[in-house]
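*Asks:* Quick one: structure below, then a few questions.
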Amino acid sequence: MQYIAKTPQQSELQTAKFIWIASCCVYTGFEMHLSQRLELFPEYTVTQLLFKDVKNATDLRKNAIAGEISGALINPSVLVDPFQVLVATNKALHLQKIGKMKTRSLYSEIIFNLSPTNNISEAFKNFGISDSDSAVQVVLVHADAEQNNMDDILSKVDGQQISVHHISSLSNIAKIKKLYKVSPQEELCGSLLDAVICRMATKDVL
Amino acid sequence: MAVEKTNNHVLHFLRSAELLKQGAEARVYRGEFLGKPTVVKERFPKLYRHPTLDEKLTHRRTVQEVRSILRCRKAGISVPVVYFVDYTSHCIFLEDIVGSVTVRDYINSAHTSEAKNLEVVARKIGEILAKMHDEDLVHGDLTTSNMLMKRGPGCGEADLLLIDFGLSYISALPEDKGVDLYVLEKAFLSTHPNTEALFETLLKSYSASSKKSQTVIKKLDEVRLRGRKRSMVG
């Protein structure tokens, strides 16, 4: 896995807004966003961005449905770790490549893959953003690291960008356990993330 | 078909991974996947079988293995996490248990002074198998090589993992569970000579932990007399 290090100073792609937000945050040693290459699809880079105090969730959701946002908008309260999103994205790209996607686009497929069930509308309801949400996790898939549409997203989201590594501060553990039906005995043999990943990876043979 | 397979991105990835083992059914690789140490089990095409039959059997076994892993985890039995499954190339991407040793290697490398530790491990195995059989899951290929131990202090619940559910199936029959234990007994005593007492410890722990152990042990005694295959009468 290659992490593409990009500090706000180095990147030519950051908008003024992003630099402003970044400089307002305490530097924790992490990048705000997370860009990773997938071993199975070396031609693609996956970028995750996290926002809190989002005021325009309704507009964002409408834009995403209209296809004006080329990214997946996820409700961060059902996410345990960025790895969860990475697993869903990898699977979406795989299914796209073999022509077996269950939904219409790569980004909707990412949201669908996060769900433990095969019900599409349920997946969007639980894992996509809804109008009342104040936080959003954005996933972008781009063919080349330098030609991503991160600045476009940054200009569209009216909220505060925080480090993707702080995702767990927004997780609703009780809700996650309920959605994925994680029993207390299962937690004896592994973490909540393990349980979630297993459900996601195996749901097509349930 | 062959051309299509080599174009597969998963198989392309496996070419750069380290081949760990090759068996009759599958090849096992080690590599990094989504930034995590990962083991990939690839059920390769068997050219000696009719392609349609081969595809069907391989697919079914891959599905079966994945299902059994999930069933185990739900019951609180430690098994490697499934990261990703490709049903076109029949590859399962699993968590790599870094720093683990097989129970086989552990027993073989143990010194006589460590007999107490071996007993703890045997009891632990008995408990885990009891839990698995109580979930009506039959492993189908129990050997000490298919059990991993995480090296660490103590021997807690999570420190012993079962692997290779390729031959596993769901059955509530005491007969199937008895055969499962019989297969383990045969494998155990032949890989680890003079360990009858140790295996006895394992069975005692199994009996103490399982709610349905009585009928299973009774079946095990029957199976010992006649062998693994049930007599074909009628």
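The values are calculated or read from the model by the stated rules, or taken from the named source; none is laboratory data. A quick note: this is a predicted structure, and the numbers were derived from the prediction, not measured. Positions of Cβ are backbone-derived with ideal geometry, glycine not excepted, and every protein chain shown enters the neighbour counts.
*Asks:* Would you point out which residue out of A:139, A:182 is out of contact with any Cys (no Cβ under 7 Å at 6 or more places or on another chain), assigned to a loop (DSSP other than H, G, I, E, B) and within 14 Å of another protein chain (Cβ to nearest Cβ)?
*Replies:* A:182
*Asks:* Out of curiosity, is residue A:111 surrounded by fewer than 24 Cβ atoms within 10 Å (Cβ to Cβ) and away from every other protein chain (no Cβ under 14 Å)?
*Replies:* No; evaluated as a whole, the condition is false for this residue.
*Asks:* Here is a follow-up. Filter the stretch A:185-196 down to the residues that are crowded, with 19+ Cβ neighbours inside 10 Å, facing another protein chain (nearest Cβ under 9 Å) and under 14 Å from residue A:114 (Cβ atoms) and list them by number.
*Replies:* A:195
*Asks:* Sticking with this one: Of the residues A:174, A:195, which single one is assigned to a helix (DSSP H, G or I), modelled with pLDDT of 95 or more and out of contact with any Asp or Glu (no Cβ under 9 Å at 6 or more places or on another chain)?
*Replies:* After applying the criteria, what remains is A:174.
*Asks:* Go through the residues of the stretch B:102-120 one by one and say whether even a single one is within 14 Å of chain A (Cβ to nearest Cβ), crowded, with 16+ Cβ neighbours inside 10 Å and touching a strand residue (DSSP E or B) at 6+ places or on another chain (Cβ under 8 Å).
*Replies:* Taking every residue of the stretch B:102-120 in turn, none turns out to be within 14 Å of chain A (Cβ to nearest Cβ), crowded, with 16+ Cβ neighbours inside 10 Å and touching a strand residue (DSSP E or B) at 6+ places or on another chain (Cβ under 8 Å).
*Asks:* One residue is enough: does the stretch B:10-22 have a residue meeting the conditions closer than 24 Å to residue B:160 by Cα and at the interface with another protein chain (Cβ under 8 Å from one of its Cβ atoms)?
*Replies:* no
*Asks:* Right, something else. Please report, ordered by residue number, the helices (runs of 4 or more DSSP H) entirely within the stretch B:125-234 with at least 3 residues that are within 14 Å of the chain's Cα centre (by Cα) and not β-branched (Val, Ile, Thr).
*Replies:* Counting at least 3 such residues, we get B:174-191.
*Asks:* So for the stretch B:155-176 (the condition being within 14 Å of chain A (Cβ to nearest Cβ), surrounded by fewer than 19 Cβ atoms within 10 Å (Cβ to Cβ), modelled with pLDDT under 90 and touching a strand residue (DSSP E or B) at 6+ places or on another chain (Cβ under 6 Å)), does at least one residue qualify?
*Replies:* Checked the stretch B:155-176: at least one residue is within 14 Å of chain A (Cβ to nearest Cβ), surrounded by fewer than 19 Cβ atoms within 10 Å (Cβ to Cβ), modelled with pLDDT under 90 and touching a strand residue (DSSP E or B) at 6+ places or on another chain (Cβ under 6 Å).
*Asks:* Picking from B:133, B:50, which residue would you name as being touching a Lys or Arg at 6+ places or on another chain (Cβ under 6 Å) and either modelled with pLDDT of 95 or more or loosely packed, with under 14 Cβ neighbours inside 10 Å (or both)?
*Replies:* Just one listed residue meets the conditions, B:133.
*Asks:* Is one or more of the residues making up the stretch B:192-202 under 20 Å from residue B:68 (Cβ atoms) and either touching a Ser or Thr at 6+ places or on another chain (Cβ under 9 Å) or at pLDDT 95 or above (or both)?
*Replies:* Looking through the stretch B:192-202, none of the residues is under 20 Å from residue B:68 (Cβ atoms) and either touching a Ser or Thr at 6+ places or on another chain (Cβ under 9 Å) or at pLDDT 95 or above (or both).
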